[in-house]
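Participant: Dropping a structure here in structure tokens format, bear with me for questions.
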Amino acid sequence: MTTLYLHAMFALGGGLGAVLRHWLALRVTHDLPYSTLIVNVLGSLLLGLWIGYLGGSAEMGEEEKRLVFGFCGGFTTFSSFAYQSLQLHRERTIVFAAGNIALSLALCWFALWLGLVLTR
């Protein structure tokens, strides 16, 4: 398996994830950043399910790792989360920003854990 092939697998996964995130963002519109929360939680759940299903990251082959992490990396979006949290602080209150941060972290960690548990 060549390095170029592994990069291509990562790019394929990342591209598919980014397109799906964009599609979802066009359908979930609100003045609060719900679409970012949804994709980050779903991405965490999918990562947990994939890792659990494939036997853990140590058991995964390089090809599967690149595809899974590429997809989840392209689908989820930390930069949008950070920007939207800052905007909530600027346009609303620190409470909205802190709530977005706390809710996102708690739900993403829970979703990853749930994905791992569901595949045991």
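The values are calculated or read from the model by the stated rules, or taken from the named source; none is laboratory data. Everything numeric here is computed off the predicted structure, so don't read it as measured data. Positions of Cβ are backbone-derived with ideal geometry, glycine not excepted, and every protein chain shown enters the neighbour counts. When the accessible area is computed, the model is the full protein with side chains, heavy atoms only, and any ligands, DNA or RNA have been set aside. Shrake-Rupley method; radii C 1.70, N 1.55, O 1.52, S 1.80 Å.
Participant: Are there any pairs, at least 6 apart or on different chains, whose C-beta atoms fall under 7 Å, with the first in the stretch 107-120 and basic (Lys, Arg) and the second part of a helix (DSSP H, G or I), and if so, which?
Facilitator: Arg120/Gly52
Participant: Another one. State whether one or more residues within the stretch 58-68 are within 17 Å of Leu20 (Cβ to Cβ) and buried (at least 16 other Cβ atoms within 10 Å of the Cβ).
Facilitator: yes
Participant: Of these, Ala18, Ala58, Ala11, which one is among the small types (Gly, Ala, Ser) and at pLDDT below 90?
Facilitator: So the residue among Ala18, Ala58, Ala11 that is among the small types (Gly, Ala, Ser) and at pLDDT below 90 is Ala58.
Participant: Here is a further query. Hey, among Phe110, Phe96, Phe81, which residue is crowded, with 19+ Cβ neighbours inside 10 Å and of a type in the set (Phe, Trp, Tyr)?
Facilitator: None of the others qualify; the one that does is Phe81.
Participant: If I ask for residues that are polar (S, T, N, Q) and farther than 15 Å from Tyr34 by Cα, which ones from the stretch 65-120 would you list?
Facilitator: Thr93, Thr119
Participant: Just to verify a result, which residue in the stretch 1-13, among those that are hydrophobic (A, V, I, L, M, F, W, C) and in a helix (DSSP H, G or I), is most open to solvent (accessible area, probe 1.4 Å)?
Facilitator: Ranking the candidates gives Leu4 first.
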